[in-house]
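This report refers to the structure that appears directly beneath it.
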Amino acid sequence: MYGLIGSFHAHAGQRDALIDLMSEGIRNMPGCLSYIIAKDVNDDRKIWVTEVWDNKDSHAASLKLPAVTATITKAMPLIAGFGEQIITAPVSGQNLAE
């Protein structure tokens with residue numbers, strides 16, 4: 001499995017709009033086992049995305065899907081900056097094959 005944990009900073013007052021937009025663009029991504037969008041409780045502009053994929057190639061292919069590229073294009077004006085990006089190797093979890 002292939003995992004990513006990353007953060008984004010939305011422009012002031014745009015975090016909920018960014019979350020809504022990103023939530024619409026995550027359907028029907030082959031190989032995606034989990035995609036979680038979360039609000040940072042200590043920063044009202046920050047969101048975290050935690051992803052689990054069956055493999056790295058599935059993640060790379062998802063970035064070329066028309067729905068995903070459209071979402072990225074629409075989201076960019078709402079994003080003030082990118083934070084950490086951590087690559088992980090998920091080994092276990094609820095609803096994940098071990």
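The values are calculated or read from the model by the stated rules, or taken from the named source; none is laboratory data. Remember, it's a predicted structure, so these values are computed and weren't measured experimentally. No Cβ is skipped: glycine too gets one built from the backbone with ideal geometry, and neighbour counts run over all protein chains shown.
Being free of Cβ contacts under 8 Å to residues at least 40 places away in the same chain and over 20 Å from P90 (Cα atoms): is that true of D57 here?
no
Any chance you could count how many residues in region 10-22 are surrounded by 14 or more Cβ atoms within 10 Å (Cβ to Cβ), touching a Lys or Arg at 6+ places or on another chain (Cβ under 9 Å) and either in a loop (DSSP other than H, G, I, E, B) or modelled with pLDDT under 95 (or both)?
Residues flagged as surrounded by 14 or more Cβ atoms within 10 Å (Cβ to Cβ), touching a Lys or Arg at 6+ places or on another chain (Cβ under 9 Å) and either in a loop (DSSP other than H, G, I, E, B) or modelled with pLDDT under 95 (or both) within region 10-22 amount to 3.
Please name all residue pairs, on different chains or six or more residues apart, with Cβ atoms under 6 Å, provided the first residue is in region 12-40 and is more than 17 Å from A75 (Cβ to Cβ) and the second residue is of a type in the set (S, T, N, Q).
Listed by first residue and then by second, the contacts come to G31/S58.
Select from region 17-75 the residues that are among the acidic types (D, E) and in contact with a helix residue (DSSP H, G or I) (Cβ under 8 Å, 6 or more places away or on another chain) and list them in ascending order.
E24, D44, E51
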